[in-house]
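The values are calculated or read from the model by the stated rules, or taken from the named source; none is laboratory data. All figures in this text were calculated on a predicted structure; none of them were measured in a lab. Counting neighbours? That spans all protein chains shown, and the Cβs are built from the backbone with ideal geometry, glycine included. Remember, those area values only see protein heavy atoms, side chains included, never the ligands or the DNA or RNA. Shrake-Rupley method; radii C 1.70, N 1.55, O 1.52, S 1.80 Å.
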Amino acid sequence: MLNTQSQTVLITGATGAIGSALARHYAAAGAKLILQGRRQDQLDALATECRESGVQVETAMLDLTDRGELAVWIDSLLEQSVPDLVFANAGMNIDTGPDGSGESWQATEQLLELNVRATCYLAHRMAMAMRRKGRGQLVLISSLAAWFGLPVIPAYSASKAAVKAYGEGLRGWLHGSGVSVTVVMPGYVRSAMCDAMPGPKPFLWQPDRAAQHIAARVAKRRARVSFPFPLNWGCWWLAVLPAGLSHRVLRLLGYGG
């Protein structure tokens, strides 16, 4: 279990709903924080709030889809020290539109660059550094949408399936090295991104509840954290059932396709 006091926790996408809730949780636990985001005003406000808990906070305002900038940032982080706990949390979503006209390819490329390429690159660099050090924890934020591609968000579903598979593979590769990997598969968590997503949003959680749930299981080095029940159970069944039947179920539930 990670002793958060005097430990360094890196969170990408820290200005998002889950990211900011995680930052507040680990600040209260006494961890040093490194927070990345794309919105400077929100990042500064979050850092100020976390510092009120008496912890040290570093911020990085950068676009993770800028490959050169991302590489330079990670280089600078690892030159100083290897974080003890890393949340690869940054991500975006797009959908097929209110009229079902489909996702734009330009937006799809941007989503894949952030959700897949940037996430996997960060995880790769941190995994290699942690392995050399002989300890550390990586947490990759996937989604319940990784179990079965939802017709309203095909690109997002694909990206989170890639993150899930990559995290599972990393965990197996790192077994016995002192480094653990957790894949988190949230359902609906209240956020601007969630609110913008079309379709029903059953079993909606608030960000603070999600962060506490994630942190408690990350502390136990769980391989997978999926929630909430029974939505996670139902999404798992979508992957198990014949695909044609799963599509029929999704149509009945109002997800189109």
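Quick notes on this one:
- The stretch 3-68: C-alpha gyration tensor shape, a/c 1.5 cut-off, then a/b vs b/c: prolate
- Total charge dipole magnitude, the stretch 56-145, about the Cα centre, Cβ charges on Lys, Arg, Asp, Glu only, Debye to nearest 20: 680
- Net length gained if the chain between Glu49 and Gln110 were fully extended (0.36 nm per residue, minus Cα distance): 18.9 nm
- For the stretch 127-159 versus the stretch 3-47, the gap between their alpha-carbon centres in whole angstrom: 19
- Measuring with a 1.4 angstrom probe and ignoring ligands and nucleic acids, Met61 comes out at about 90 Å² accessible.
- Hydrodynamic radius of the chain by the Kirkwood approach over all distinct alpha-carbon pairs: 18.6 Å.
- Gyration tensor (alpha-carbon) shape descriptor, the stretch 89-235, a/c threshold 1.5: oblate
- When Leu62, Leu252, Leu78 are compared by accessible area of protein heavy atoms, the largest-first order is Leu252, Leu78, Leu62, using a 1.4 Å probe.
- Ranked order, Lys164, Lys133, Lys32 - accessible area, probe 1.4 Å, largest first: Lys133, Lys32, Lys164
- Largest to smallest in accessible area, the residues Phe229, Phe203, Phe148, Phe87 fall in the order Phe229, Phe203, Phe148, Phe87 (1.4 Å probe, all protein chains included).
- Seen through its C-alpha gyration tensor, with square-root eigenvalues sorted a ≥ b ≥ c, the stretch 1-120 comes out prolate because a/c lies at 1.5 or above while a/b is bigger than b/c.
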